[in-house]
Structures are given as structure tokens and as C-alpha cells.
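Chemist: Got a structure for you, written out below as C-alpha cells; questions coming shortly.
What follows draws every value from the coordinates through simple rules; no lab data is involved. In this text, all values refer to a predicted model and were calculated from it rather than measured experimentally. FYI the Cβ positions are ideal-geometry reconstructions off the backbone, even for glycines, and counts take in every protein chain you see.
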Amino acid sequence: MATVLSVSLPFAGACGAERVVVDLLETFPSATQQPAPDAFELVQATIKGDTRPAILVKAPSRLTWKVEVPDDGWLRVGVALREDAWTVPGDGVMFSIRITYDKAGERTNEEVMSFLVNPYGNAADREWHDVSVDLSSHAGTAVELIFNTRSSYSPPGAPARDDRAGDLALWGAPRITAR
């Protein structure tokens, strides 16, 4: 199982001897884009003065990349809602990352990160949230990385809601690194 760490990382810099192995923005054209390519836009996004290359998501979505995990591989990405969405009444966006891979001849699908970002309702969400996921247990394995956004958090067992007000989600500088 991958280990999830939510930590604050310096952007665009390598931590120590860290190197970018796969820049997911560069490989964005090869990613499976759902519901349709026009739901996404590559942008330079500034959050509280910190500008990053990012994928702007304009609707509930799924992005899937097929990658091979390097030795000591880490997935690193920042998530946020665009600043002009912070004052729009809404209930935020649920970000999640899943990884799928074959294990003992069976397809395994696990959620490695999931959380709600709601800058309208929670001022602490008015920043980049940097996420690191340790992929080293999958070194040498071909995996699918699946980035999902959903409008409106619904607790388990509650009816699904679809409040898209202010849902301008950003995946900032997604990449796979190694040391």
C-alpha cells in the first residue's frame, strides 16, 4: 500500500538530490481526460503569490496517466482552488488520487489520497496543499495514476449533491520524483 504524506514542499526545487522522473504536465496530452478534453486547461496558477504550472479543472473529472514507477519514486502535486473562486458561495471540491496495478494476476485499485478543499467555507484552504505519495513499493511496476475531482462532498450513505459553484480546481506541478 502506498503511504500518503501531506507535507509542505518547496515548489520547483528539488529537495536534496530529488529529480523529476516524469513531469505529468509534459505528458498531459497522453493522459486519458474525462469527461472531455475541454474540461481541462494548462495554466500558470498563482495562489497567495506562489505561481505554478497547473491543470485547471472546470468540471468533475478524471485524469489517468500510465507510468512506470522508478526506484524510490514519489508522486508530488499541489492542489488548490483558483483564487477567484474563494468568495463564491459553494461547498468545495473533493480531490482524490487512486493507483491501479496488477498484483498476482489481479487488478488492484487503491485510493492513496483524498480530501476536500473548500476555501469559501474554510479560510485555511486558501493556499496550495502539497501532497507527497510514496510509490517506492511499486518500483519497476507499470501503474495507472488516476486524479479525480468531484463537486460537493457527500458523506457515506448520504444522497449525492452536485454544487459546482466556485469549483475551479487546480492540480499544481504534478510529477513523479526520485532521489
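Chemist: At 7 Å along the Cα-to-beta-carbon direction for both residue 56 and residue 134, put a label point, then send me their distance in nm to one decimal.
Modeler: Going from the residue 56 label point to the residue 134 one covers 3.7 nm.
Chemist: Once you charge only the Cβ atoms, +1 for Lys and Arg and -1 for Asp and Glu, what is the size of the charge dipole of the range 56-149 about its Cα centre, to the nearest 20 debye? The partial results should precede the final answer.
Modeler: Details: 9 positive and 15 negative charges, 67 e Å.
Dipole magnitude for the range 56-149 comes out near 320 debye.
Chemist: Let me ask something else about it. Can you list the lysines whose alpha carbon is less than 26 Å from that of residue 48, not counting same-chain residues fewer than 8 positions off?
Modeler: 58
Chemist: Could you size up the charge dipole of the range 7-116 around its Cα centre, putting +1 on the beta carbon of Lys and Arg and -1 on that of Asp and Glu, and report it in debye to the nearest 20?
Modeler: Details: 11 positive and 16 negative charges, 28 e Å.
Computed charge dipole of the range 7-116: roughly 140 debye.
Chemist: Using a Cα-Cα cut-off of under 24 Å, which lysines could be cross-linked to residue 103, ignoring same-chain neighbours fewer than 8 residues away?
Modeler: Candidates past the 8-residue exclusion: 66.
Chemist: Take peptides 58-66, 134-142, 75-83 and line them up by average Cβ neighbours within 10 Å, highest first, as a rough protection proxy.
Modeler: Ranked from most to least packed, the peptides come out as 75-83, 58-66, 134-142.
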